[in-house]
Amino acid sequence: MRIVRGFRRIPQMLQGCVATVGNFDGVHCGHQLIIGQVNAAAKQMGLPSVVIMFEPQPREYFEKDAAPPRIMPLREKLLALCAEGVDVVCCIPFNERFRCLTGAQFIETVLLDALHIRHLVIGDDFRFGCDRAGDFKMLQQVGERRGFTVEQTHSLERDGERVSSTGIRACLEAGEFAAAQTFLGRPFRLGGRVAHGQKLGRTLGVPTANIELKHKPPLSGVYVVSTVLPGGREVPGVANVGYRPTVKGRSLRLEVHLLDFQGNLYGQRLNVYFQQKLRDEQRFAGVDALKAQLERDIVLAKQTIASRRVP
């Protein structure tokens with residue numbers, strides 16, 4: 001898969017393509033359906049398949065602190081799109097200049113001048129342009145004049161519910177990981193490279209692997225998790241997602257205590273899969289109270305893991 005940052009950098013060799021446009025946060029089952037249509041049409045037409053996405057996501061640009069939390073960071077999204085067989089991802093910086101494009105200007109500058117679009121697949125609720133005038137009808141009308149076709153998809157339902165990024169965030173916030181997996185098509189995970197922290201957990205007898213989170217995830221608190229180490233080894237553990245209020249933490253962090261594990265993980269990339277919520281993150285009176293609670297969390301996590309192993 002080729003990644004192009006900015007529509008003006010699209011290689012000249014891309015003289016025609018089949019594309020889709022969206023945020024694709026989570027690359028969930030609904031997104032996978034759209035991408036499948038893109039890939040099928042691209043194969044039939046002998047053209048590359050292209051996903052057009054934005055960074056930051058538009059609501060993050062306009063609302064900043066009030067924007068919805070991300071289901072997956074950019075790196076994970078690109079990996080998921082690659083796994084779906086996309087040929088090219090065009091990642092457009094969503095900035096002041098780009099956000100001023102009208103719907104008609106977006107079609108002209110991005111779809112036609114840059115991508116030489118031949119076929120476009122879009123969701124049934126897709127709208128674009130600073131004037132919000134861009135929709136399926138506009139694309140059809142312009143396509144008839146300029147020589148490209150447009151295919152609309154409809155919402156996907158699972159268990160009677162519409163599959164959406166909003167619904168998945170709600171499931172994750174509520175700790176409903178089985179439902180989230182049904183909509184995502186895969187277990188939910190957070191990951192990243194292990195960095196040095198305050199090493200407070202080690203002094204408390206509960207060492208943790210610390211991963212800084214660049215974007216706020218759609219969950220917080222203490223969880224039973226399964227962590228996949230480099231090489232594929234899977235280790236159960238207890239994870240905290242949050243700001244660590246007892247020690248006046250300021251950065252959002254994922255901290256994972258791996259059960260019955262010894263080893264140096266600094267600099268290595270971990271994938272952490274969430275299984276069950278134990279409690280909300282809370283502020284304790286001091287480190288002694290924090291240590292006592294962590295020990296209770298570990299006992300409860302081990303009991304939870306053992307109960308799942310019973311036939």
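Can you spot a residue in the range 157-164 that is crowded, with 20+ Cβ neighbours inside 10 Å and either among the small types (Gly, Ala, Ser) or not assigned by TED's automatic domain parsing to the domain that holds His28 (or both)?
yes
Any residue at all in the range 128-145 that's surrounded by fewer than 18 Cβ atoms within 10 Å (Cβ to Cβ), assigned to a loop (DSSP other than H, G, I, E, B) and free of Cβ contacts under 8 Å to residues at least 24 places away in the same chain? So far as the range 128-145 goes, no, none of its residues is surrounded by fewer than 18 Cβ atoms within 10 Å (Cβ to Cβ), assigned to a loop (DSSP other than H, G, I, E, B) and free of Cβ contacts under 8 Å to residues at least 24 places away in the same chain. Quick check, is Val18 touching a Pro at 6+ places or on another chain (Cβ under 9 Å), surrounded by fewer than 22 Cβ atoms within 10 Å (Cβ to Cβ), outside any helix (DSSP H, G or I) and of a type in the set (Val, Ile, Thr)? Against the criterion (touching a Pro at 6+ places or on another chain (Cβ under 9 Å), surrounded by fewer than 22 Cβ atoms within 10 Å (Cβ to Cβ), outside any helix (DSSP H, G or I) and of a type in the set (Val, Ile, Thr)), Val18 does not qualify. Within the range 50-85, the set of residues being basic (Lys, Arg), more than 10 Å from Phe24 (Cβ to Cβ) and surrounded by 18 or more Cβ atoms within 10 Å (Cβ to Cβ) comprises Arg70 only. Just one of the listed residues (Lys64, Lys43) is part of a helix (DSSP H, G or I) and on the phi > 0 side of the Ramachandran plot, and it is Lys64. If we scan the range 77-97, do we find a residue that is part of a helix (DSSP H, G or I) and more than 19 Å from the chain's Cα centre (by Cα)? The answer is yes; a qualifying residue exists.
Between Gly191, Gly201, the distinction of being outside any loop (DSSP other than H, G, I, E, B) and at pLDDT below 85 belongs to Gly201 only.
The values are calculated or read from the model by the stated rules, or taken from the named source; none is laboratory data. Keep in mind the model is a prediction, meaning the values are calculated, not measured. Here the Cβ is made from the backbone with ideal geometry for all residues, glycine too, and neighbour counts use every protein chain on show.
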